[in-house]
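Right, one structure below, let's go through it.
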Amino acid sequence: MSLRLLPRSLGGQLLALLLLALAVTQGLGYVLFADERSRAVRAALGLEAAGRAANVALLLGDAPADLRASILRSADSPLVSFSLAAEPAVARDSADAAEFIARMQQILGAAGQELHADIHTRTLPLAPPPGPPGVMRPMHEVMMGERAEPVEMSLSIRLAGGDWLNVRTMFNRPELQMTPQALLPLALMAAAVALVALVTARRVVGPMRALAAGADRLGRGIDAAALPLSGPTEVRETTQAFNRMQERLTRFVADRTHLLAALSHDLRSPLTAMRLRLEMLEESDDTERLRRLVDEMQEMVEATLAFARGAARSEASAPLDLAALLADLAADAGAGRASLAPAAPLLATVRQTALSRALRNLIDNAIRYGGSAEISLAEGGGLARITIADRGPGLPEDQLEAAFAPFVRFETSRSRETGGAGLGLAIARTILQAHGGDVQLRNRAGGGLEAEVRLPLGEG
């Protein structure tokens, strides 16, 4: 069976393969059984014909010469013909005639001094013998009609007077018996296999689907309880390993996020003290440079705290109309700075504050480097696709992915007013990936940069 023809689900594939194996094995068994049955029936018919020929030979040997013709007519039938001749019709034995010769010698005893047998397959049915009455010819045609592979057996038995008794008979392979009674066991076995496959698939597929859903929730950053252990041993072990991995990842991310937030928070105090000391010093070029450095450090600390809050995911998810959210963000950016293409309402379950921060960072980025942001919303493949585009200088193709790394800035003036701290795109991607989505950058035809946000429309 081609892999393309198999069902996509595990349960369907298991059922299809089991039924295929059952059909092949039962079909081969049925063919072998039918062939053995055919061989047995043909052997029985051949032995019966051989015994009949031997008995006729004994009768002819003991009967007067004037009664031989009557005995031959009485022995003839639609399938067996007897005749006397001076020469044998069979001069030598065929390879598979030993069993029939032994049967005739057993009956003939001392009278069976010389006999020959030849067995071969005919492609056409044997014509009826000329001796029987015409009423027997239709019987012969009915018995032999539309049958394949008839077997013809020719016998020659030497009688006491020197004449040869020539016997010609034919029998056929029995037809296959495709009756409801013969097919009932196969139907019962198919039903039993389907039931076993269904139960097995439910025990395996159920926990595997729960495992897939748990992995999807973990990828979206949704805090969830450990998955229940159920199903076969291998599935239980896999689920248990997933639960341990989920616990370690959650603890790892939480520890690193708390560490980052704590460091950024603790840096506020010395920065504030440094700012106060600078205010007490006389104005000079050095104090001005130090003040700029303190402001830059303060901005980096605030951006780092915002990044940590974006990764913390403490906000609960709730249904939200993405079209309405984008309209509010475009209005907040100001007239002429951001525009939203007409979009139908589109609901998604998200953390509103975090998602707003991510989309606002992308919009601000487009306005900062391109002068304005063009926003659009569409749905496709179970995803919300949000596009935020500008007509700025764009980025080299090999730098599009590097732009999402923390503290990476491509603004050549190094001004904190125009370049920021380099965490806006990193925060946006962290938040969107925590929702199970992502964001990609690409250059626009004709100049400019385009950020495409893909966000699942299911549970966020």
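The values are calculated or read from the model by the stated rules, or taken from the named source; none is laboratory data. Please read these numbers as outputs of a predicted model, since none were measured by experiment. Methodologically, a virtual Cβ is constructed for each residue, glycine included, from the backbone with ideal geometry; neighbour enumeration extends over all protein chains shown. Accessible surface areas use protein heavy atoms only, side chains included; no ligands, DNA or RNA. Shrake-Rupley method; radii C 1.70, N 1.55, O 1.52, S 1.80 Å.
What FRET efficiency comes out for Ala318 versus Gln240 if R0 is 35 angstrom and r is the Cβ-Cβ distance? Round to the nearest 0.05. Walk me through the intermediate numbers first.
On the way: r = 32 Å, r/R0 = 0.93.
According to the calculation, E is roughly 0.60.
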Legend entry - FRET efficiency, Leu229 to Arg256 (Cβ-Cβ, R0 35 Å, nearest 0.05): 0.75
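What's the carbon and sulfur percent of segment 310-376's accessible surface, probe 1.4 angstrom, rounded to a whole number? Could the numbers behind the result be given before it?
Working: 1590 of 3100 Å².
On segment 310-376, the fraction of accessible area on carbon and sulfur atoms equals 51 percent.
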Inset, instruction - Assuming a ≥ b ≥ c are the square roots of the Cα gyration tensor eigenvalues, decide whether segment 231-360 counts as rounded (a/c under 1.5), prolate (otherwise, with a/b larger than b/c) or oblate. - result: oblate
Legend entry - Phi-based couplings in Hz for segment 369-378 (Karplus 6.51, -1.76, 1.60; Gly and Pro marked x): 9, x, x, 7, 10, 10, 10, 9, 9, 8
Inset, instruction - State, to one decimal in nm, how far the label point of Ala402 lies from the label point of Gln13, with both points 7 Å from Cα in the Cβ direction. - result: 4.2 nm
Legend entry - Per-residue ³J(HN,Hα) for segment 393-404, Karplus 6.51 cos²θ - 1.76 cosθ + 1.60, θ = phi - 60°, Hz, x for Gly and Pro: x, x, 9, x, 4, 7, 10, 5, 7, 5, 5, 8
Inset, instruction - Just grab the label-to-label distance for Arg277 and Asp438, each label 7 Å out from Cα along the Cβ direction, in nm (one decimal). - result: 4.7 nm
Legend entry - Descending principal axes extents, segment 201-274, alpha-carbon based, whole Å: 67, 18, 13
Legend entry - Alpha-carbon centroid distance for the pair segment 57-106 / segment 238-297, whole angstrom: 115 Å
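Counting only heavy atoms of the protein chains, get the accessible area per residue of segment 239-364 (1.4 Å probe) and round it to a whole Å² value. Walk me through the numbers before you get to the answer.
Numbers: 7690 Å² over 126 residues.
The answer is 61 Å² per residue.
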Legend entry - Spacing of the two label points (7 Å from each Cα toward its C-beta) at Ser269 and Leu84, in nm: 13.6 nm
